[in-house]
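Report on one structure; see the data block that follows.
A short reminder: the numbers here are calculations on the coordinates, not readings from a lab. Here the structure is a predicted model, which is why all the values come from computation and not from measurement. Don't worry about glycine lacking a Cβ; one is built from the backbone with ideal geometry, like all the others, and counts go over all protein chains shown.
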Amino acid sequence: MRGILFPLKLICGSLRSLVSAGPLCAALALGTSGCAGAGQYVWFGEMPPTERANLTGDYVIGVGDSISIRVFEQEGLSGDAKIRTDGKIALPLVGEIVAAGKRPLELSREIETALKQFIVNPRVTINVAASQPISVTVVGEVTRIGVLTLEPPARLVEAMAQSGGVGEFGDKDKIFVLRQFPSYKRIRFTWDAILRNQDNAAQFPLRTGDVIVVE
């Protein structure tokens, strides 16, 4: 694998607006450690169907989005929040909670569970007030590395096309998506699967904060 350490240094410095620099650089180091060993990953085809594709069509909350949180008959606990660069929001009683990478209904249920120790039968409704374009980073053995801004729904094949595809020295069997939110995952693809859209690999939905690495 050639020409990756220097670009990674540049990319880590340019992504502070997406996620905190420390976790991102750590993720990049882990994701691009193929020269020393493959590391832990999950094959795209082994992921649950709900994670491989947006089957329900529900919006996935991302960094920079603004959401409206309404707790039934609890105006003091209701309000608006903007998803921070670490993917979290802060709520009264609940404290900090990861919102990025979750669907509104999923986040509502999680907040309801947290509020049950304070309120009897809490009911929470979440609406996305303002959404941001999807920002992903492409590094490694591609023609053009850098940060891409994509309009939703953003797909893996679109990001690979904009980056010029796998470069001359790239390993077509080692394409990874490093997902930061709601928890870290290293997802492996092959170039052949993307080109043939095997198991809808080409249509894999990207999220803000994702890092695509070609080893």
Please arrange Thr85, Thr149, Thr137 by counting, for each residue, the other beta carbons lying within 10 Å of its beta carbon, fewest first.
Thr149, Thr85, Thr137
Using θ = phi - 60° and the Karplus curve 6.51 cos²θ - 1.76 cosθ + 1.60, what whole-Hz ³J(HN,Hα) does each residue of region 166-183 get, with Gly and Pro shown as x?
5, x, 4, 9, x, 8, 5, 9, 10, 10, 10, 10, 8, 9, 8, 10, x, 9
Which far-off residues, 5 or more places away or on another chain, put their amide H under 5 Å from the one on Gly167, with H placed in the peptide plane?
Val142, Thr143
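Most exposed first by the Cβ proxy, i.e. fewest other Cβ within 10 Å, how do Thr190, Thr208 rank?
Going from sparsest to densest Cβ surroundings: Thr190, Thr208.
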Gain upon complete extension [Val128, Tyr59; 0.36 nm per residue less C-alpha separation]:
24.0 nm
Cα shape, region 66-130, gyration tensor, a/c 1.5 rule:
prolate
Spatial separation of Cα centroids for region 108-143 and region 164-181, in angstrom:
27 Å
What size of dipole, in debye to the nearest 20, comes out for region 66-130 about its Cα centre when the only charges are +1 on Lys and Arg C-beta atoms and -1 on Asp and Glu C-beta atoms?
160 debye
Per-residue Cβ neighbour rank within 10 angstrom, fewest leading, Glu51, Glu158, Glu215
Glu51, Glu158, Glu215
